[in-house]
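In what follows, a structure is listed as structure tokens, so that the remarks can point back to it.
The values are calculated or read from the model by the stated rules, or taken from the named source; none is laboratory data. Note that the coordinates shown come from a computational prediction; the quantities given were computed from them, not determined experimentally. Note: ideal-geometry Cβ built from the backbone for every residue, glycine included; neighbour counts use all protein chains shown.
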Amino acid sequence: MQQGITEILAADSERAMSLFSQAYHESGNPPFRHFAGVSAAANAAMLAAVEGHADAATTWLARVGDTAELPTWCRDLLTIGATIASTVMATDARDLGTARVYADRLSDAGDQFELWPFQVYALTQYDLARHEPVVAFERLKRIGFERGIDVTSVPIANHLVFRAYLDTLIDVAEGGLVLRLAEGAGEPLRSLIPVARTHQLAGDHRAAAQVSARALRRIRMPLRDMREASLIHAVARMRLGDAESALRSFTIATSGDAVSLPSLFSRQHAQDIADIHALAGIDYAAQHPCPERRSIEIISLTRRERAILQRLADGLSATEIAVEAFNSPNTIKTHIKRIYKKLGVSSRAEALAAADQQGLIRWHHPEDTRNAS
């Protein structure tokens, strides 16, 4: 069972699930030898819920049994996975009253467990669902400080903490920072949905369609994220006038018993969700109304343009950038003019100010050799 925890922290969810199942079936009888089975079932439920397998999560939660019968000294340790699973599932269903009960239990348990990345992820999703992104942001920063890690890039548990951070940035309209951090991290699997959402909320439907389509082709993409990628792709293709592709993706997003749909719908513009239902000929009334999503303002720069803009922020001249990039100064100057035009500015100072405001550049500080976030 301990090996299973190691595997999920190392991002091998399939191996972890196999080990949890084995530990559960090999566990003994109450009152003591069943503890390993309870913990294995709780961890399996957590992994299933986070990945989007609601039916499997429900089955494993039932196997955990009545946690009130467990000794208080080990209850949180054994069942933290089940509490995480219950928080995620209730949040996905937009049952925030139930989610609050489990989220409070998670908070009271502390964050010194090995499964802390999943604990932080569950609490972040709950905070964002109740429109408290500042609370989520402060928790992420506190966790990073206490554990001595950089939450903007930590790869543990398949970048789950990084994903929580990107989701939080979207809710405070820091779309430029989302794109820069995701690109800087090499666009790991968990970052593709936040990147696609950022483009969509910024009104760049073509980019949203491209990124969500790329996400759908990743064979290790979690089921929950596949549904969200399909929904983003459906809305984007609809806005681009491709009704056939939009309907095909919408069917994928809504097929089966998708417990997470209420949460996924709430993460889009309300009008987009109403329009995609109308296109599909389905009556739709939001069961869990929520405030309209804030649009995100980002400037669509190419990777090369962002790289040149960053070098300008680093203090290099066009000639120095050209030497560094093995290019001609005139080519670099042409890129700079295009950057200015996209930013709606006419000078280097204005460009850097606008780029800084949108999180498109990072500043290096002499006393800190790490990249600023």
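The listed residues are Gln210, Gln200, and the only one of them that is over 24 Å from Ser13 (Cα atoms) and at pLDDT 95 or above turns out to be Gln210. The single condition from (1) closer than 11 Å to Thr87 by Cβ; (2) buried (at least 21 other Cβ atoms within 10 Å of the Cβ) that Arg100 fails is (2).
For Ile282, the requirement of being assigned to a helix (DSSP H, G or I) and farther than 18 Å from Ala215 by Cβ is not met. Name the single residue that is farthest from Glu146 (Cα to Cα) among those in region 61-109 being assigned to a loop (DSSP other than H, G, I, E, B) and free of Cβ contacts under 8 Å to residues at least 24 places away in the same chain. Filtering region 61-109 for residues that are assigned to a loop (DSSP other than H, G, I, E, B) and free of Cβ contacts under 8 Å to residues at least 24 places away in the same chain, the one farthest from Glu146 (Cα to Cα) comes out as Asp66. Only one of the listed residues (Val64, Val50, Val38) is surrounded by 14 or more Cβ atoms within 10 Å (Cβ to Cβ), within 22 Å of Gly256 (Cβ to Cβ) and among the hydrophobic types (A, V, I, L, M, F, W, C). That residue is Val50. Where helices (runs of 4 or more DSSP H) sit wholly within region 131-240, those with at least 3 residues that are touching a His at 6+ places or on another chain (Cβ under 7 Å) occupy 205-216, 223-239.
On the phi < 0 side of the Ramachandran plot, among the acidic types (Asp, Glu) and either at pLDDT 95 or above or surrounded by 18 or more Cβ atoms within 10 Å (Cβ to Cβ) (or both): does that describe Asp127? Taking the combined requirement at face value, the residue satisfies it. If only residues of region 50-69 that are charged (D, E, K, R) and farther than 20 Å from Pro117 by Cα are counted, the one that is modelled with the lowest pLDDT is Glu69.
The requirement of being part of a helix (DSSP H, G or I) and either under 22 Å from Pro194 (Cα atoms) or not aromatic (Phe, Trp, Tyr) (or both) is satisfied by Leu264. So which residues in region 253-278 are surrounded by fewer than 18 Cβ atoms within 10 Å (Cβ to Cβ) and over 15 Å from Gly52 (Cα atoms)? His269, Ala270, Gln271, Ala274, Asp275, His277, Ala278 - these are the residues of region 253-278 that are surrounded by fewer than 18 Cβ atoms within 10 Å (Cβ to Cβ) and over 15 Å from Gly52 (Cα atoms).
Every residue, every condition in (1) farther than 28 Å from Ile156 by Cα; (2) surrounded by 16 or more Cβ atoms within 10 Å (Cβ to Cβ); (3) touching a residue at least 40 places away in the same chain (Cβ under 8 Å), yes or no:
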| position | (1), (2), (3) |
| --- | --- |
| Ala182 | no, yes, no |
| Gln200 | no, yes, yes |
| Val211 | no, yes, no |
| Ser230 | no, yes, no |
| Arg248 | yes, no, no |
| Thr251 | yes, no, no |
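When Gly97 is tested against (1) in contact with a helix residue (DSSP H, G or I) (Cβ under 7 Å, 6 or more places away or on another chain); (2) farther than 19 Å from Glu228 by Cβ; (3) not acidic (Asp, Glu), just one condition goes unmet, and that condition is (1).
Being farther than 12 Å from Ala45 by Cβ and of a type in the set (A, V, I, L, M) is the filter; apply it to region 79-96 and report the residue that is modelled with the lowest pLDDT. By that ranking, first place goes to Ala93. Evaluate region 288-309: report whether one residue or more is outside the structural domain of Met238 (by TED's automatic domain parsing), modelled with pLDDT of 85 or more and over 14 Å from Ile336 (Cα atoms). Within region 288-309, none of the residues are outside the structural domain of Met238 (by TED's automatic domain parsing), modelled with pLDDT of 85 or more and over 14 Å from Ile336 (Cα atoms).
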